[in-house]
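The values are calculated or read from the model by the stated rules, or taken from the named source; none is laboratory data. What you are looking at is a predicted structure, and each value in this text was computed from that prediction instead of being measured. All Cβ positions, even for glycine, are placed from backbone atoms using ideal geometry, and neighbour counts span all protein chains on display. Only protein heavy atoms, including side chains, enter the accessible area calculation; ligands, DNA and RNA are left aside. Shrake-Rupley method; radii C 1.70, N 1.55, O 1.52, S 1.80 Å.
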Amino acid sequence: MNVAGRPTRTIWPDADGVAVGIIDQTSLPHALSNVRLENLDDAARAIRDMLVRGAPLIGATAAWGMWLALRSEAGDTALERAHATLLATRPTAVNLRWALDRMYARLAPLPPAERPAEARVLAAAICDEDVALNRAIGAAGLPLLAALAARKPAGQPLNILTHCNAGWLATVDIGTATAPIYAAHDSGLPVHVWVDETRPRNQGASLTAWELLNHGVPHTVIADNAGGHLMQHGHVDLVITGTDRVTAAGDVCNKIGTYLKALAARDNDVPFYVATPSPSIDWRIRDGRREIPIEERSATEVARITGRLASGEVATVDLLPAGSPASNPAFDVTPARLVTGLITERGVCAANSSDLATLFPEQAAGRAIG
Ligand code: MRU
């Protein structure tokens, strides 16, 4: 995407060849600042503390983290330590394991001296592939949006509701849920996006709004609780979210609150689509509610909020009465029955095991599909 008119990715190898650059997403939308990752601990901290976040970008950062680790030590023990350290950073997005296992499988058979160079090549390839997958999701989703837009009175924009940030900032570029939106907007189809603020970390209000604004896409930020009301009154034509993990049977794990949007969408006959790149599909499992680990984050994220004061200073303030406990499950699971379709890089399919297996036969073979 363009930032201040310049094509920009969310992660890149620094020009000096010894570090990786990222956008510090905890500073947005009030400041755009970059951070340099120089070693394994930097990469692990960036994921754990959510300087980078979003399932595909977590995977890409972990891949670069393997390279950073192997630059200083490339023996078997160091390789295993890098894999384990990065895998422990966040539990829910399956893209993390996907990227790390792919790096490990390629690097482990090599002599240690060859591992750093190969790690760099593969990390760069994983990033380029992510961009290609997202572009393909955009192409697959565009006809869907065009068909829904054709049913609207002339001149009215297609109203799309999205939750959290499954945009450019959650990936290496373009985004997943935003890919069809950007494709539609860029092709001249009028779209308008309802952006769920996405408490408690406000990825919608802070990140999705910022990137849509930068790209010139009409949008409106809403409180998380407004979606059902807007659907009841015909103001939402479809929902598109991203995902952190889709099971082989089509259950969708995504940012907390997604399930409520899916329930409201079903009650109001609003199509509910999930943009799903194949690295987000966990072919080993079927039952999302029982089998996907849900990250429990700090209660502080619920108890406090950060924003910019009238003075321009960015400050964090307390929201709760001192002493009130808070709980912070970060993701939920939307059962496949509530999902209208998955928008993958190979096309749109129903959220069920047979349609997923038809689209990805090489993945489904021999896995959990029953
Ligand atoms: O906790 P986060 O900000 O990493 O959660 C991000 C989401 O839930 C996204 O919707 C999901 O990762 C899909 S990103 C393309």
Checklist entry - Is one or more of the residues making up segment 199-206 modelled with pLDDT of 95 or more, under 27 Å from Pro7 (Cα atoms) and in a loop (DSSP other than H, G, I, E, B)? => result yes
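Which residue, of Ala147, Ala170, is free of Cβ contacts under 8 Å to residues at least 40 places away in the same chain and of a type in the set (Gly, Ala, Ser)? It would help to see each step written out before you state the result.
Values: Ala170 fails: free of Cβ contacts under 8 Å to residues at least 40 places away in the same chain.
Answer to the check: Ala147.
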Checklist entry - Any idea how many residues of segment 269-298 are away from the ligand (no atom under 12 Å from the Cβ), in a loop (DSSP other than H, G, I, E, B) and open to solvent by 40 Å² or more (accessible area, probe 1.4 Å)? => result 6
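Among the residues of segment 207-226, what is the count of those that are assigned to a helix (DSSP H, G or I) and of a type outside the set (Ser, Thr, Tyr)?
Going through segment 207-226, the residues assigned to a helix (DSSP H, G or I) turn out to be 207-215, 224-226.
Now narrow it down to the ones that are of a type outside the set (Ser, Thr, Tyr): 207, 209-215, 224-226.
Total meeting the criteria: 11.
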Item to check | Top-ranked residue in segment 237-247 [being part of a loop (DSSP other than H, G, I, E, B) and either small (Gly, Ala, Ser) or touching a Leu at 6+ places or on another chain (Cβ under 9 Å) (or both); ranked as nearest to the ligand (Cβ to nearest atom)] | outcome: Gly242
Checklist entry - Is one or more of the residues making up segment 301-320 within 15 Å of the ligand (Cβ to nearest atom), open to solvent by less than 80 Å² (accessible area, probe 1.4 Å) and not assigned by TED's automatic domain parsing to the domain that holds Leu28? => result yes
Checklist entry - So which of Gly250, Gly234 is small (Gly, Ala, Ser), part of a loop (DSSP other than H, G, I, E, B) and either within 16 Å of the ligand (Cβ to nearest atom) or surrounded by 22 or more Cβ atoms within 10 Å (Cβ to Cβ) (or both)? => result Gly250
Checklist outcome for this item: If we keep only residues of segment 95-122 that are small (Gly, Ala, Ser) and surrounded by 19 or more Cβ atoms within 10 Å (Cβ to Cβ), then the residue farthest from the chain's Cα centre (by Cα) is Ala119
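Considering Leu161, Leu169, which residue is in a strand (DSSP E or B), in contact with a Gly (Cβ under 7 Å, 6 or more places away or on another chain) and buried (at least 24 other Cβ atoms within 10 Å of the Cβ)? Before you say what the answer is, go through the steps one by one.
Values: Leu169 fails: in a strand (DSSP E or B).
Leu161 is the lone residue from the list that is in a strand (DSSP E or B), in contact with a Gly (Cβ under 7 Å, 6 or more places away or on another chain) and buried (at least 24 other Cβ atoms within 10 Å of the Cβ).
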Checklist entry - Can you find even one residue in segment 16-33 that is among the hydroxyl-bearing types (Ser, Thr, Tyr), open to solvent by 10 Å² or more (accessible area, probe 1.4 Å), within 16 Å of the ligand (Cβ to nearest atom) and modelled with pLDDT of 95 or more? => result yes
Checklist entry - Any idea which of (1) more than 16 Å from the ligand (Cβ to nearest atom); (2) touching a residue at least 60 places away in the same chain (Cβ under 8 Å); (3) under 24 Å from Glu129 (Cβ atoms) is the one Ser353 doesn't satisfy? => result (3)
Next on the checklist: I need a count of the residues in segment 321-350 that are open to solvent by 20 Å² or more (accessible area, probe 1.4 Å) and in a loop (DSSP other than H, G, I, E, B).
Outcome noted: 12
